[in-house]
Each structure stands twice: as C-alpha cells, then as structure tokens.
1. Pairs please, first residue from segment 59-76 and of a type in the set (Lys, Arg), second anywhere and modelled with pLDDT under 85 and surrounded by 12 or more Cβ atoms within 10 Å (Cβ to Cβ), Cβ atoms under 9 Å, 6+ apart in sequence or on different chains.
2. Considering only residues that are part of a loop (DSSP other than H, G, I, E, B) and either open to solvent by 50 Å² or more (accessible area, probe 1.4 Å) or in contact with an Asp or Glu (Cβ under 6 Å, 6 or more places away or on another chain) (or both), which ones fall in segment 52-94?
3. Is it the case that some residue within segment 20-30 is surrounded by 14 or more Cβ atoms within 10 Å (Cβ to Cβ), at pLDDT 90 or above, closer than 22 Å to Ser107 by Cα and not basic (Lys, Arg)?
4. With respect to Asn116, determine if the residue is at pLDDT 90 or above, out of contact with any Cys (no Cβ under 7 Å at 6 or more places or on another chain), open to solvent by 80 Å² or more (accessible area, probe 1.4 Å) and closer than 18 Å to Leu37 by Cβ.
5. Could you give every pair whose Cβ atoms fall below 8 Å, whose first residue belongs to segment 99-110 and is closer than 9 Å to Ala30 by Cβ, and whose second residue is open to solvent by 50 Å² or more (accessible area, probe 1.4 Å) and part of a helix (DSSP H, G or I), counting only separations of at least 6 or pairs across chains?
6. List, please: which pairs have Cβ atoms under 8 Å, are six or more places apart or on different chains, and start with a residue in segment 112-136 that is of a type outside the set (Gly, Ala, Ser) and end with one that is not in a loop (DSSP other than H, G, I, E, B)?
7. Return only the number of the condition from (1) at pLDDT below 80; (2) under 43 Å from the mean Cα position of the chain (by Cα) that Ile143 does not satisfy.
Amino acid sequence: MSKISKFFKGSSSSSSSPRSKHRSKGGPTAQEAIHKLRETEDMLNKKMDFLEKKIEQELMTAKKHGTKNKRAALQALKRKKRLEQQLAQIDGTLSTIEFQREALENSHSNTEVLKNMGYAAQAMKKVHEKLDVDKIDDLMLDINEQRDVAEEISQAISGGFGETYDEDELMAELAELEEEELEDSMKSMGGLPSVPSTKLPSAKSGHRATTKKRAEEEEDMSMLASWAT
C-alpha cells in the first residue's frame with residue numbers, strides 16, 4: 001500500500017509540476033477566463049431549468065395528495081421548499097458570475113483600446129519624426145507667394161489693353177437710344193389716343209335732375225289723392 005501511495009504521489013507531483021508552475025506564473029488570459037465563466041453560466045442555467053421542473057413536479061404531487069394523504073403532501077412541499085432554496089442560491093451565484101464576466105469583458109476591451117491607441121501614437125510619432133517644422137513653414141510661404149503671383153498674372157491677363165471710356169458720354173448715348181426706341185414704339189401704335197371733346201355730365205346736374213323728377217312724381221300723387229277724395 002505504501003508503494004502504491006508513493007507511486008500516486010510521485011505521479012501526481014510529476015504530472016502537475018511543469019504545467020502548474022507555468023500556469024501559476026502566467027495565469028489564464030482574459031479570453032480564457034471569459035470562456036470559463038460562460039461555461040459556468042450555461043451549466044447553472046441548465047441546473048436552474050432542472051430545479052424549476054422539479055419544483056413544478058413536487059407542487060403537482062402535493063396537489064394530487066391534498067387532504068387524502070397529508071403526509072405525502074407535506075413531504076412534497078418540504079422537497080419543494082428545499083429546491084426553491086437551491087434555486088435562489090444558484091440565481092445569486094449566477095448574478096455574481098455575470099457581473100464578474102461583464103467586468104472582465106470591459107477590462108479586456110479597455111486594454112485592447114489602450115493598446116491600439118498606443119500603436120497609433122507610436123505610428124504618429126514615427127511620421128512626425130520625418131517632418132521638419134521649419135521646412136513646413138518655408139513650404140507654406142512658397143505656396144502663398146506662388147498664389148499671389150498667380151493672382152497677379154490673372155489680373156494682368158483679364159485687365160484688357162488700355163481701353164478707356166467716358167462713363168458720362170456712354171450714359172448720355174444710352175438715354176438717346178432709349179428715347180428713340182420710345183418714339184418708334186409710339187409711332188407703331190398710331191400715336192397717343194385722342195381726348196374726347198364732349199364733356200361728361202357732372203354729378204351735381206344728375207342729382208338735380210333726380211330731385212326734380214321726384215318732386216314731379218310727388219305732385220302727381222297729391223293730385224290723384226285729391227281727386228279720389
């Protein structure tokens with residue numbers, strides 16, 4: 001028995017020494033830990049489903065016996081209570097594991113983001129090492145200078161060949177042309193329309209005629225009334 005125990009002790013120590021030492025020094029990676037936590041979550045969820053089914057079965061058993069077999073009904077209810085306690089414990093454990101996994105995932109994401117930002121900073125630094133600020137200033141001055149030269153060339157090309165005009169003389173000539181065009185259009189229309197020679201009746205004469213006519217009608221009506229009486 002001693003030899004067998006020594007054999008098992010030796011084999012266990014020899015088999016666990018290289019890997020365990022390597023694991024203890026390096027430790028699991030974030031992805032490995034997240035994978036293990038997900039496996040644990042799946043196992044606990046399956047166990048919760050099993051317990052929920054068992055609780056439902058015990059409840060059905062208690063209802064089945066009811067008052068006919070109180071002892072069996074009480075035993076079923078006791079088993080149901082124990083299963084509910086286990087279910088509550090597993091639910092709390094599952095919440096803790098989910099919180100730990102989410103925190104680990106966030107830490108892993110932050111680590112990757114910081115790593116990528118570090119790579120980008122190094123690349124930017126390498127690019128800026130090849131640039132000289134003084135040379136950039138000189139380059140910008142040359143560009144602005146060449147732009148000014150191009151603008152001067154464009155103005156010289158579009159400025160004409162020394163043609164000068166009197167603005168007042170041009171405006172006077174334009175007014176004459178407009179007057180001639182107006183006269184021609186009036187001639188083509190037959191000239192201005194003639195003014196009527198007859199006078200229109202005034203508003204006062206019309207009002208007097210109406211008043212006179214009304215007085216005559218009233219006089220006739222009074223005469224007719226005197227004849228009737």
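The values are calculated or read from the model by the stated rules, or taken from the named source; none is laboratory data. These numbers come from a predicted model, not from an experiment. Note that each Cβ is placed from the backbone with ideal geometry, even for glycine, and that neighbours are counted across all protein chains shown. Each accessible area value is taken on the protein alone, full model and side chains, heavy atoms only, with ligands, DNA and RNA left out. Shrake-Rupley method; radii C 1.70, N 1.55, O 1.52, S 1.80 Å.
1. As it stands, the answer is Arg71/His65, since those pairs meet every condition given.
2. Thr67, Lys68, Asn69
3. No - not one qualifying residue is present in segment 20-30.
4. Criteria not met by Asn116.
5. Taking only residues 6 or more apart or on different chains, the pairs are His108/Gln31.
6. none
7. (1)
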